[in-house]
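The values are calculated or read from the model by the stated rules, or taken from the named source; none is laboratory data. No experiment lies behind these values; they were computed from the predicted model shown. In this analysis, Cβ positions are derived from the backbone assuming ideal geometry, glycine residues included, and neighbour counts consider all displayed protein chains. To get the accessible areas, we keep the full protein, side chains included, count just its heavy atoms, and leave off ligands, DNA and RNA. Shrake-Rupley method; radii C 1.70, N 1.55, O 1.52, S 1.80 Å.
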Amino acid sequence: MRFMTAILLGTTSLILAAPAQAAEQGAAAPRPAAGQPVRYSARDFFETTVFGMASPDGYAFTADGRSLLVNSDRSGVFNAYLLPLAGGDPVPLTASSDNATYGASLFPADDRLLYTFDQGGNELNHLFVRERDGSVRDLTPGENLKAMFIGWSGDGKRFFVATNERNPQMFDVYAYDSTTYERQRLFENEGYMPAAVSRDGRWVALVKAHSSADSDIYLADLRGSARPERITPHEGNVAFGVYGFTPDGRALVYSTNQHGEFGQAWTHDLATGEKKPLIQADWDVMFVSHSPSGRYRVHALNEDASTRLTITDTRTNRPVTLRGIPEGDIGGVRFNPGETMIAFTVASDTSPADIFVADLASGQARRLTTALNPRIDERQLVEGEVVRFRSYDGLEIPGILYRPREASASNPVPAVVWVHGGPGGQSRRGYSAMVQHLVNNGYAVYAINNRGSSGYGKTFFHMDDRRHGDVDLKDVVASRDWLASQDWISDRVAVAGGSYGGYLTAAALAFHPEVFDAGINVFGVTNWVRTLESIPAWWGAQRVALFDEMGDPATDAERHRAISPLFHATNIRRPMLVVQGANDPRVLQVESDEIVAAVRANNVPVEYLLFPDEGHGFLRKQNRIDASEAYLRFLDQHLRR
């Protein structure tokens, strides 16, 4: 059972322009002008349904095996649904009209539901149970606390939950009786991040971050002293993480970059302490999970910004071959209790995630959903291409380039450099309604993975440590000239990004004011001094890693001020669009308020879109439509002159 092992700025759900509900069947597609692709509106792209799986540590199939627990925004707001395996519309289990609500797990013997939501994006989730009669109970009542579902015991009689109710900075682990909901605290935390609980309830795996490059794994034996014992002694900087315990409770599967540039999967025998390699590759191992009995192992590699997933039958050590699925990245694999069937998602650059089921004996798959708005012809959408360029110092920088169909040397198009969140995030292949909307309307998009991005080895990842707003920003700046050198791209280039990407957008306009023609700053940090002093209490032990990477505000305030766009806003000369959620606990609204006021004082065009019902990421469909429409209007006004 896995749990959150790292929290960095911007790694929450960042749905700036995610897909949304399908439009009415049979609606006619617009006709293109001669020689032009079919143009679609933001609403067309967002009238596409987002489907996602419930927690990998919960029960996804109903007790009778006829339906699957999924999360979807088909109503305009995320809710939990049962998707019939025989076909048909999803059946709603929750009916929120405001807060995004996610199903975590069904109960193993009946169809009670564990689900979670926060208040308007404040990230203070509670865990609720929906009884068979539809009544609801908050299992984690209280003010200003955060609770998270961890998983189930092997016998299904208990489930595990972590909350910070005792200490806002620490998550304790509790076991709940699945019948009475009475609970027992299993582990009182002092300075660790709970990562997993074994199915027999004996072991808790914990991660302790020493820096952004160095961490350790501890194990607490709850049948013994429950005192955490370090199992990863090492020298130098090594990053360790937890994938989970094996179903038989004999081993912990963990990640480590001790043996090379990339994170590998290893096992730690709980009885003997022996460690063995499990999965080694020239890319990071994203996750490792197992079927209920352990017969099947699932793992995925982050292969050049794409997910490469493998299901292995451990009895034969052979991969399971799935048939009848389209090209794309497979994810969200869930097993039914009898291990005869799996459910999973398939997504690509031109197709949002759809849900499939497959028979494990034959591998034959069957599609349950069609998420893309039927009004949109998928052939009109654009596949991204992984493209690298040489930055200012010769370092090769990867990214994903989307080229409009009409772009050519005789018809060059304007471009947008899109900067991901983080620090340490990654732009990856896959469907983005926001990107496809811009590309469909004639903008090239380059999703840059500047130095400091994850997925390309630990050396590349740490190249920007305590050099934020410097070397990573220079990569973003260098990408502008590289883009403009393409004969099918014009000399009009904007920069845009969310969270840390929003920071680099504002920084580009403040510190390199003549490079980009405009910028779109989506809840970006503009005052690092305040942001680092006001991070949420529940980040707890993870703030050590963040301060190591960004600098401690107690000692590095001068440098933080030097890299903060707010204090250099008089330099900004190019138009800026700022988009913010009023309930954002990570990048406070005041950050956007102040940069907007400062840029207006320069008599520079600035637009401000504030969502009163969003946090660090836009979860309501209409807000995503409004944001995407604002991006396009702003770019059309300032890049097509």
Any idea which of LEU113, ALA95, VAL173 is furthest toward the positive side of the dipole for the stretch 72-227, if Lys and Arg beta-carbons carry +1 and Asp and Glu beta-carbons -1? VAL173
Under a plain spin-label model, where a point goes 7 Å from the Cα along Cα-to-Cβ, how far apart in nm are THR459 and ASP593? 4.7 nm
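If R0 is 41 Å, what FRET efficiency do you get for ASP155 and ASP282 from their C-beta distance, rounded to 0.05?
Numbers: r = 40 Å, r/R0 = 0.98.
That pair, ASP155 with ASP282, gives E of 0.55.
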With θ taken as phi - 60° and the coefficients 6.51, -1.76 and 1.60, list the Karplus ³J(HN,Hα) couplings across the stretch 197-203 in order, rounded to whole Hz; mark glycine and proline as x. 10, 5, 5, 8, x, 7, 10
Charges at C-beta only: +1 for Lys and Arg, -1 for Asp and Glu. How large is the resulting dipole of the chain about its Cα centre, in Debye rounded to 20? 800 debye
So how compact is the stretch 465-573: Cα radius of gyration and Dmax in angstrom? 15.1, 50
Taking a probe of 1.4 Å, how large is the accessible area per residue of the chain, in Å²? 38 Å²
Quick query: amide H of LEU278 versus all other amide H atoms, modeled in the peptide plane; which residues come in under 5 Å with a sequence gap of 5 or more or a different chain? ALA265, TRP266, THR267
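When the accessible area of the chain is computed with all protein chains present and a 1.4 Å probe, what percentage of it is carbon and sulfur?
Details: 11020 of 24060 Å².
Answer for the chain is 46 percent, counting heavy atoms of protein chains only.
For the stretch 245-335, what percent of Cα pairs sit more than 21 Å apart? Please report the intermediate quantities before stating the final value.
Values: 1404 of 4095 pairs.
Considering the stretch 245-335, 34 percent of its Cα-Cα pairs are separated by more than 21 Å.
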Within the chain, how many Lys pairs sit with Cα atoms under 29 Å apart, leaving out pairs fewer than 8 places apart on the same chain? 9
Roughly how far apart, in whole Å, are the Cα centres of the stretch 505-576 and the stretch 326-401? 34 Å
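Against the globular-protein guess of 2.2 N^0.38 Å, express the Cα radius of gyration of the stretch 60-168 as a ratio, rounded to two decimals.
Working: Rg = 14.1 Å, N = 109, 2.2 N^0.38 = 13.1 Å.
Scaled against compact globular proteins, the figure is 1.08.
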Return one number: the angle in degrees, 0 to 90 and rounded to the nearest 10, between the long axis of the Cα atoms of helix 471-484 and the longest principal axis of the Cα atoms of the chain. 50 degrees
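Excluding the sites themselves, what is the longest stretch of the chain that contains no chymotrypsin sites (Phe, Trp or Tyr not before Pro) in a DSSP loop with at most 13 other C-beta atoms within 10 Å? Walk me through the intermediate numbers first.
On the way: sites that count: TYR181, TYR392.
No qualifying site falls inside 393-641, the longest such stretch.
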Taking the convex hull of the Cα atoms, report for the stretch 541-586 its projected area averaged over all directions, in nm². 4.9 nm²
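Work out, step by step, the length gained on full extension between ASN603 and THR570: first 0.36 nm times the residue separation, then minus their alpha carbon distance; give nm to one decimal. Mind showing how you got there, number by number?
Values: separation 33, 0.36 × 33 = 11.88 nm, distance 1.01 nm.
Extending this stretch completely gives an extra 10.9 nm.
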Of the options LEU639, ALA510, ILE535, report the single residue whose Cα projects farthest towards the positive end of the charge dipole of the stretch 508-641 (beta-carbon charges: Lys, Arg +1; Asp, Glu -1). LEU639
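DSSP loop trypsin sites (Lys or Arg not before Pro) in the stretch 172-263 with at most 15 other Cβ atoms within 10 Å of their Cβ, which ones? Could the numbers behind the result be given before it?
Numbers: sites: ARG183, ARG185, ARG199, ARG202, LYS208, ARG223, ARG230, ARG250; in loops: ARG199, ARG202, ARG223, ARG250.
Here the trypsin sites (Lys or Arg not before Pro) that fit, given the DSSP loop and packing criteria, are ARG223, ARG250.
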Below 8 Å between Cα atoms, with a sequence gap of 6+, how large is the relative contact order for the chain in percent? 13 percent
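In percent, how large is the relative contact order of the stretch 63-131, given Cα pairs closer than 8 Å and 6 or more residues apart?
Normalised by residue count, the contact order of the stretch 63-131 is 23 percent.
Under 8 Å for C-alpha pairs, at least 6 residues apart: give me the relative contact order for the stretch 87-164, rounded to a whole percent. Spell out each step's value before the answer.
Details: 126 pairs, mean separation 14.4, N = 78.
Relative contact order, the stretch 87-164: 18 percent.
Tell me what the chain gives for mean residue ellipticity at 222 nm when only DSSP H runs of n ≥ 4 count, each as -39,500 (n - 2.57), the sum divided by the residue total, rounded to 500 deg cm²/dmol.
Values: 10 runs with 95 residues, N = 641.
Roughly -4500 deg cm²/dmol at 222 nm, from the helical runs in the chain.
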How large is ³J(HN,Hα), in whole Hz, for each residue of the stretch 388-398 in order, when computed from phi with the Karplus curve 6.51 cos²θ - 1.76 cosθ + 1.60 and θ = phi - 60°, using x for Gly and Pro? 10, 9, 8, 7, 4, 10, x, 5, 7, 10, x
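Report, in debye and to the nearest 20, how large the dipole of the stretch 477-571 comes out about its Cα centre when Lys and Arg carry +1 and Asp and Glu carry -1 on their Cβ. The partial results should precede the final answer.
Values: 6 positive and 11 negative charges, 52 e Å.
Roughly 260 debye for the stretch 477-571.
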Which of (i) 24.0, 75; (ii) 25.1, 75; (iii) 29.3, 93 gives Rg and Dmax of the Cα atoms in Å as computed here? It is (i)
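By how many nm would the segment from GLU274 to VAL136 grow when fully extended, if each residue of separation counts as 0.36 nm and the alpha-carbon distance is taken off? Intermediate values should be presented prior to the final figure.
On the way: separation 138, 0.36 × 138 = 49.68 nm, distance 4.54 nm.
Length difference between fully extended and current span is 45.1 nm.
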Going by the alpha-carbon gyration tensor, a ≥ b ≥ c the square roots of its eigenvalues, is the stretch 367-489 rounded (a/c under 1.5) or, if a/c is not under 1.5, prolate (a/b greater than b/c) versus oblate? oblate
Of the candidates GLY581, SER75, SER212, the farthest towards the positive dipole end of the chain (Lys/Arg Cβ +1, Asp/Glu Cβ -1, centred on the Cα centre) is SER75
Once each part is reduced to its C-alpha centroid, what is the distance from the stretch 66-132 to the stretch 147-222 in angstrom? 23 Å
Using each residue's phi in the stretch 362-377, evaluate 6.51 cos²θ - 1.76 cosθ + 1.60 at θ = phi - 60° and report the 3J(HN,Hα) Karplus result to the nearest Hz, with x for Gly and Pro. 9, x, 6, 9, 9, 7, 9, 9, 10, 7, 5, 3, x, 5, 9, 8
Starting from the Cα of GLU396, step 7 Å along the direction of its Cβ; do the same at ARG466; then give the gap between the two resulting points in nm. 3.0 nm
